[in-house]
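**Q** What follows is a structure written as structure tokens; I'll ask about it next.
The values are calculated or read from the model by the stated rules, or taken from the named source; none is laboratory data. Quantities reported herein were computed from a predicted structural model and do not represent experimental measurements. Cβ: placed from backbone, ideal geometry, glycine included. Neighbour counts: every protein chain shown.
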Amino acid sequence: MRGKLITLEGIDGSGKSTVAKKIQENPEIQVFDPVFTREPTRGTLTGTAVENAIQSETDQLAELFLFTADHAEHLAKLVKPALANGKNVISDRYSDSRYAYQGVTLKSRFENPLEWVRSLHSGWTVVPDLTFLFDIEPEIAVERCGKRGEQTKFEKIEFLQNVRENFLILAAEDPGRFVVIDASRPQEEVEKKVIKKVLEFI
């Protein structure tokens, strides 16, 4: 039986990575022995290339293809084999982040960049079974990012507002897959809600 793919999405500073760690540490979820992962991948050739691009002034189209290459490698080496073996996979960021983020960075290049980026993934990516969208006002998110230290080029209010709008478009188009979480709520409350839903799902 094929495993389930669960993804956590949201703008920078939404708190999803913190919740991802809490899910990984949760003993009730550990019983199911899921595979925890993330995008960009860590410790891989493609993931390192993406991280370097994020920290530099790489051309936006080149950056998209680096992200997409990392996604392809991630699918081939980890996600697809795990799902085929009946394992549940939980990923901190996945393809929806690419649609939402590069759907903004490529606005000057394409009439509808969100749809164009999605079309690049058609036929070979694996669509998640469940996606949590950690929704939050960009002003709050950027303030949180500032407390973490040095900010990346993506952590700007106007930019994140556009990314948030893309995420909400994706969620509205697929309400059966997306669970929109109010990420401005206290962290413990958000954690409990997400963990409860994950346990119900798997």
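**Q** Tally up the residues in segment 26-44 that are touching a residue at least 12 places away in the same chain (Cβ under 8 Å) and over 30 Å from Lys193 (Cβ atoms), please.
**A** Restricting attention to segment 26-44, the residues satisfying the condition of being touching a residue at least 12 places away in the same chain (Cβ under 8 Å) are 26, 28-29, 32-41, 44.
After this cut, where a residue has to be over 30 Å from Lys193 (Cβ atoms) as well, the list is 44.
Adding up the residues that qualify gives 1.
**Q** I'd like the full set of residues that are out of contact with any Asp or Glu (no Cβ under 7 Å at 6 or more places or on another chain), of a type in the set (A, V, I, L, M) and part of a loop (DSSP other than H, G, I, E, B), limited to segment 169-202.
**A** Scanning segment 169-202 gives a single hit, Ile202.
**Q** Name every residue in segment 118-136 that is touching a residue at least 24 places away in the same chain (Cβ under 8 Å) and closer than 18 Å to Ala172 by Cα, in order of residue number. Talk me through it step by step, then tell me what you get.
**A** Residues of segment 118-136 that are touching a residue at least 24 places away in the same chain (Cβ under 8 Å), as a first pass: 120-121, 124-136.
Result: Val127, Pro128, Asp129, Leu130, Thr131, Phe132, Leu133, Phe134, Asp135, Ile136.
**Q** Oh, and also: List the number of the failed condition for Arg98; all other conditions in (1) of a type outside the set (Val, Ile, Thr); (2) surrounded by 21 or more Cβ atoms within 10 Å (Cβ to Cβ); (3) farther than 17 Å from Ala20 by Cβ; (4) out of contact with any Ser or Thr (no Cβ under 8 Å at 6 or more places or on another chain) hold.
**A** (4)
**Q** With the structure loaded, tell me whether Leu64 is touching a Phe, Trp or Tyr at 6+ places or on another chain (Cβ under 6 Å), modelled with pLDDT of 95 or more, over 17 Å from Thr131 (Cα atoms) and buried (at least 20 other Cβ atoms within 10 Å of the Cβ) or whether it fails that test.
**A** Numbers: touching a Phe, Trp or Tyr at 6+ places or on another chain (Cβ under 6 Å): no; modelled with pLDDT of 95 or more: yes; over 17 Å from Thr131 (Cα atoms): yes; buried (at least 20 other Cβ atoms within 10 Å of the Cβ): yes.
No.
**Q** Among the numbered criteria (1) crowded, with 18+ Cβ neighbours inside 10 Å; (2) touching a residue at least 12 places away in the same chain (Cβ under 8 Å), which single criterion is violated by Pro113?
**A** Single failed check for Pro113: (2).
**Q** Look through segment 97-113, keep the residues that are in a loop (DSSP other than H, G, I, E, B) and among the polar types (S, T, N, Q), and return whichever of them is modelled with the lowest pLDDT. Spell out the reasoning first.
**A** Initial filter on segment 97-113 (in a loop (DSSP other than H, G, I, E, B)): 106-112.
Filter once more, keeping what is among the polar types (S, T, N, Q): 108, 112.
On the way: Ser108: 91, Asn112: 95.
For segment 97-113, the residue satisfying everything is Ser108.
**Q** Can Phe36 be described as at pLDDT 95 or above, surrounded by fewer than 19 Cβ atoms within 10 Å (Cβ to Cβ) and of a type in the set (Phe, Trp, Tyr)?
**A** Working: at pLDDT 95 or above: yes; surrounded by fewer than 19 Cβ atoms within 10 Å (Cβ to Cβ): yes; of a type in the set (Phe, Trp, Tyr): yes.
The answer is yes for Phe36.
**Q** Ok, one more. The conditions are (1) touching a residue at least 24 places away in the same chain (Cβ under 8 Å); (2) in contact with a helix residue (DSSP H, G or I) (Cβ under 6 Å, 6 or more places away or on another chain); (3) part of a helix (DSSP H, G or I), and Arg144 fails exactly one of them. Which is it?
**A** Evaluating Arg144 over (1) touching a residue at least 24 places away in the same chain (Cβ under 8 Å); (2) in contact with a helix residue (DSSP H, G or I) (Cβ under 6 Å, 6 or more places away or on another chain); (3) part of a helix (DSSP H, G or I) leaves (2) as the failure.
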